[in-house]
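Below is one structure; the comments refer to it alone.
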Amino acid sequence: MSGQLENRTLTAEWLRQNHELYTAATNHSFIKSIRDGTIDVNNFKHWMEQDYHFVRELVRFVASVLQKVPRNAPEHDLDVILGGLTALESEITWFRKEANFWQIFLERVTLLQPNKDYCEFLKELEREDTPYAAAVTAFWLIELVYCASFMSCLEEDAKTPYELVSTVKRWGSPEFHQYTLSLKKLADKALENASDAEQKQAQKIFVRILELELKFWDMAGFVLG
Ligand SMILES: Cc1ncc(C[n+]2csc(CCO)c2C)c(N)n1
């Protein structure tokens, strides 16, 4: 019963409506190459150096979501977002440690256009005129794409290379999946309380994020000489 009820939420409806784009963003050839063990390590390094800088911008975005949590919301709602924000600190530490292992110099990275475009979009979402409903929906989806992508690399028949297992466990773990479900609940609750115009705005942002995620993976495929 709960499954059926869950499917009537707006987030579930938008996932259905954008099934093709969502599948493209979560079954990308980059992820498939990790899953089947054929990944070129240079592609992986390339993704990692770009993603580190993206995650740094994401810190500001998540802080903006935190500020928008309505004051009359249950305490738990603020705690969920705060948990996401604090998790980013260990995320950044992890990136630095991994970068050391892979001999990546994070401070020398040139941001590529798809990354710049995504960070610019985050800046738009950080603005005060982006309502909470749209912002928390965006946050949920950004996390979901990574969770769904990396979960596939942990399936029983996956041949994920040993050196990448710790990476895929970060985002493909059951704990992280639970976290994305907590965010989904917050997003659906906020969307239910939002006006039609705000719902439409959130829906547009939803599609834009899937497009940007797809382009971000595409970027990982290009290895600079
Ligand atoms: C392009 C891009 N999109 C989404 C994520 C996902 N993500 C960002 S931070 C974080 C951990 C939160 O605790 C996760 C899962 C990413 N890294 N890069």
* **Sites matching trypsin sites (Lys or Arg not before Pro) across region 21-115 that sit in DSSP coil, with at most 14 neighbouring C-beta atoms within 10 Å** => Arg71
* Which percent of the Cα-Cα distances in the chain go past 29 Å? -> 24 percent
* Just order 144-151, 131-138 by mean Cβ neighbour count inside 10 Å, highest at the front, would you? => 131-138, 144-151
* Highest-MSF residue in the chain out of Gln67, Gln199, Gln17 [GNM, Cα springs under 10 Å] -> Gln17
* Ranked highest first by the average count of other Cβ atoms within 10 Å around their residues, in what order do 179-186, 157-164 fall? -> 179-186, 157-164
* Which pairs, out of Lys123/Lys169; Lys116/Lys184; Lys97/Lys159; Lys68/Lys185; Lys159/Lys215, put more than 20 Å between their alpha-carbon atoms? -> Lys123/Lys169; Lys116/Lys184; Lys97/Lys159; Lys159/Lys215
* Would you work out the charge dipole size for region 2-220 about its Cα centre, treating the Cβ of every Lys and Arg as +1 and the Cβ of every Asp and Glu as -1, and quote it to the nearest 20 debye? => 160 debye
* To do: Could you let me know the centre-to-centre spacing of region 1-75 and region 168-182, using Cα atoms, in angstrom?
  => 11 Å
* To do: Would you please put 205-213, 79-87 in order of how densely packed they are, using the mean number of other Cβ atoms within 10 angstrom per residue and starting with the highest?
  => 205-213, 79-87
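Read-outs throughout are calculated quantities, based only on the coordinates presented, and are distinct from any laboratory measurement. Remember, predicted model here, so these are calculated numbers, not experimental data. Glycine also receives a Cβ, built like all others from the backbone with ideal geometry; neighbour counts cover every protein chain displayed.
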